[in-house]
2 protein chains.
Amino acid sequence: MESRIERLCVENGLKMTGPRRAIARILSEVDGHPDVDELHRLAHTLDPRISLATVYRTVRLFEQHGILERRSLGSRRARYEMSGEHDHFHLIDQESGKVIEFDEPETETLMRRVAARHGFDLISLKIELFGRKLRSESPPDRSDDARQTVEPAGEPR
Amino acid sequence: MESRIERLCVENGLKMTGPRRAIARILSEVDGHPDVDELHRLAHTLDPRISLATVYRTVRLFEQHGILERRSLGSRRARYEMSGEHDHFHLIDQESGKVIEFDEPETETLMRRVAARHGFDLISLKIELFGRKLRSESPPDRSDDARQTVEPAGEPR
DNA sequence: CTATTTGCAAAGTATTTGCGCCGAA
DNA sequence: TTCGGCGCAAATACTTTGCAAATAG
């Protein structure tokens, strides 16, 4: 079966080699924001011959073709996620390093307008909120916000 | 004469050594978003004995005390700017790497609300827009937006 | 005086590259 | 068959650290 990313590779005219296919599959299945080491570790389970260098080369390639986006999310190493039609943003727990994704459609519109105001066409945007969990008082209301993913986090910076 | 940052250091109970004073002054005077090398080069003109390691140690210290904020702004190396009362954001020209600062007060409010909705207290936020200059049509309207700084940019990533 | 800080050089991370062999188209 | 991709190891880029000498409070 062909993963979403494999299809994008073909559409972009990329040669589909074994390693690329493996990495593409990993990327399609993993959730969260893996860094290169994680990707390498996972790809390694599909094909132990895949080298770290290839993972680096592949994510760079995918990024250049708009298939992946690079984030920092408060960690030192680069972390990646698939590009979506609409942007979503990240809320990072300063203590644990956990990342929560959230949507905020108005924001993108607003930012597009800001860019235009300065004579720019918006290509992409990164929004990272750093916060501390509220201990006390009113239980958080999360009645809106469609998708929402929490991940275990690497190092709490 | 004492720089703004020097004052902040004293308030934070930091020992004011020669190197720190020099770096603080550089930071107060430079505009833009210098990386560690730039700071070192500049500090070097004030006192040639200041080492790169000390610059690294000092920016880390200042960051921990909330005096400085670390940004990435599309480049690999960390870049710094003074913390202000209110956050401002960055628009990066994908071609040249130039950085434009802009204010968007509503945004911070909105983001604070989003964080609260997820049960978090907002500590800081980073917003980076990546854009391409509009060649054609209507001259950009910049009648609002208070402050605005453009800087020459290091490497266009 | 004493606990911190500094410079230096060496060690650590994160990422990229040169090169000869290998495989997809 | 051909050209680009791959693994490997070495190179590079950025940042941190151990240690002995220097210094702020």
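Numbers at a glance
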quantity	calculated
Gained length - A:R76 relative to A:L52, 0.36 nm times residue gap less alpha-carbon distance	6.9 nm
Copy-to-copy label separations for B:E106, where each label sits 7 Å from Cα toward Cβ, in nm and ascending	0.7
Helix-only [θ]222 nm of chain B, DSSP H runs n ≥ 4, -39500 (n - 2.57) each, per residue, nearest 500	-11000 deg cm²/dmol
Magnitude of the charge dipole, the protein assembly as shown, Cβ model with Lys/Arg +1 and Asp/Glu -1, debye to 20	1360
Rg(Cα) / (2.2 N^0.38 Å) computed for chain B, rounded to two decimals	1.16
Computed magnitude of the charge dipole of the stretch A:9-48 (debye, nearest 20; Cβ of K, R +1, Cβ of D, E -1)	260
Among B:G74, A:V55, B:P34 the positive-end extreme of the charge dipole of the protein assembly as shown (Cβ point charges)	A:V55
Pairwise label distance in nanometres, A:L110 with B:K15, each label 7 Å out on the Cα-Cβ vector	4.5
On Cα atoms only, tilt of A:36-46 relative to the major axis of chain A in degrees	50
Exposure proxy ranking, count of Cβ atoms within 10 Å, fewest first, for A:T58, A:T45, B:T107	A:T45, B:T107, A:T58
About the Cα centre, charge dipole magnitude for chain A (Lys/Arg +1, Asp/Glu -1 at Cβ), debye	740
GNM result for chain A, Cα springs below 10 Å: residue of A:E101, A:E11, A:E128 fluctuating most strongly	A:E11
Folded to 0 to 90 degrees: helix B:52-64 orientation relative to chain B principal axis, Cα	60
Exposure proxy order (Cβ contacts within 10 Å, fewest to most) of A:M111, B:M82	B:M82, A:M111
Under 27 Å from the Cα of B:K133 - lysines, other chains or at least 8 residues apart	A:K126, B:K98
Cα pair distances exceeding 27 angstrom across the protein assembly as shown, given as percent	51
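Throughout, read-outs are computed from the coordinates displayed, never taken from laboratory work. From a predicted model like this one, the values you see are computed outputs, not experimental measurements. Counting neighbours? That spans all protein chains shown, and the Cβs are built from the backbone with ideal geometry, glycine included.
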